[in-house]
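What follows is calculated from the coordinates using simple rules that are stated; it is not laboratory data. Quantities reported herein were computed from a predicted structural model and do not represent experimental measurements. With ideal geometry, Cβ positions are generated from the backbone for all residues, glycine too; neighbour counts draw on all protein chains shown.
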Amino acid sequence: MILYGIHPVEEALLAGRRKIIKIYVSSRKSSRILKIVDRAESSRIPVEYLSADKLCSLAGTGSHQGVGAQIEGFPFSDPGRIMATDGSGLVLVLDGLMDPHNVGALIRTALCVGVTGIILPKDRSVSITSAVSMASAGALEHIRLARVTNISGTLMQLKSAGFWVAGLVPLADQSIFETDLSGPLALVVGSEEKGIRPLVKKKCDFLLSIPQQGKVDSLNVSVAGAVALYEIFRQRQAMTAKTGHR
């Protein structure tokens, strides 16, 4: 596959999780691209200079920012590794999201708040593409991500591993700001159009909402997920400060 954009290519080089076959460069004006070239050459990765139009053709987009990389596919994690917890695990479950920009934005937030890993279904879900990496600003290269056949079954496994499972829905009576979210938790975020599927919702231990006012019905899914993740992060930071333990 072709990864494109300064952040994704830079982070793929830094993370070192995927084999990079070749770097493509169409602009030498950016100091960050020059750093990418230097890092690639020091790692003995071939660098090819080509026109912006040619890079557009390879990347399938004009949003390549002057750099691309021929790279192996994303290294998915085993769900069991994500479920392993020391008593404070935080797992993000994406139930059928289809927009790469939403998934990328949630990956970026998840990395910032210390999410243990992300789980999404193999079917009826966005593929992990270069567009997702671009939307995540390269955060994709540093996070554990697993694909599973059955989300409902995976939620039951998470419960058996000691996690509480919370579903984020617009009209739940229970507010994220009034719920203790400091323990091992799996947060389920539903699709852009239909939200969490009914069968998956039934497997949740409880449902949470974000209080709102005004005339707009609901937040964008990546914004709602970010608000919830940062409330969980805030509570955990407060708990750490209070007890002196992580």
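The table below gives the values:
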read-out: Residue of 85, 129, 179 that the Gaussian network model of the chain assigns the largest fluctuation, springs spanning Cα pairs under 10 Å; value: 179
read-out: Relative packing of 56-67, 191-202, which averages over residues the other C-beta atoms within 10 Å, highest first; value: 56-67, 191-202
read-out: Burial ranking of peptide ranges 223-236, 102-115 (average Cβ count within 10 Å, highest at the top); value: 102-115, 223-236
read-out: Nearest-0.05 FRET efficiency for residue 159 and residue 1, computed from C-beta distance (R0 35 Å); value: 0.50
read-out: GluC sites (Glu not before Pro) within the stretch 28-102: DSSP coil, no more than 13 neighbouring Cβ in 10 Å; value: 72
read-out: Net charge dipole size for the stretch 8-64 [Lys, Arg +1 and Asp, Glu -1 on Cβ; Debye, nearest 20]; value: 140 debye
read-out: Alpha-carbon Rg/Rh ratio, for the stretch 111-206, with Rh computed the Kirkwood way; value: 0.95
read-out: For the chain, the fraction of alpha-carbon pairs in successive 10 Å shells from zero, as %; value: 7, 30, 30, 20, 11, 2
read-out: ³J(HN,Hα) computed for each position of the stretch 140-152 - Karplus, 6.51 cos²θ - 1.76 cosθ + 1.60, integer Hz, glycine/proline x; value: 3, 6, 10, 10, 7, 9, 10, 10, 10, 6, 10, 5, 4
read-out: Three-way shape label, the stretch 30-90, alpha-carbon gyration tensor, a/c 1.5; value: prolate
read-out: For the chain, built as a Gaussian network whose Cα springs stay under 10 Å, the top-fluctuating residue of 12, 84, 69; value: 84
read-out: Taking the chain and dividing mean pair separation by its residue count, relative contact order in percent (alpha carbons under 8 Å, at least six apart); value: 20 percent
read-out: Rounded to 10°, Cα long-axis angle of helix 31-42 versus longest principal axis of the chain; value: 80 degrees
read-out: Solution diffusion estimate, µm²/s, Stokes-Einstein, the stretch 131-179, Kirkwood Rh from C-alpha pairs, 37 °C, viscosity 0.692 mPa s; value: 236 µm²/s
read-out: The stretch 67-156 - percent relative contact order, Cα under 8 Å, separation 6 or more; value: 34 percent
read-out: Members of 159/202; 29/54; 203/242; 159/201; 159/203; 22/122 lying beyond 21 Å, as alpha-carbon distances in this model show; value: 203/242; 22/122
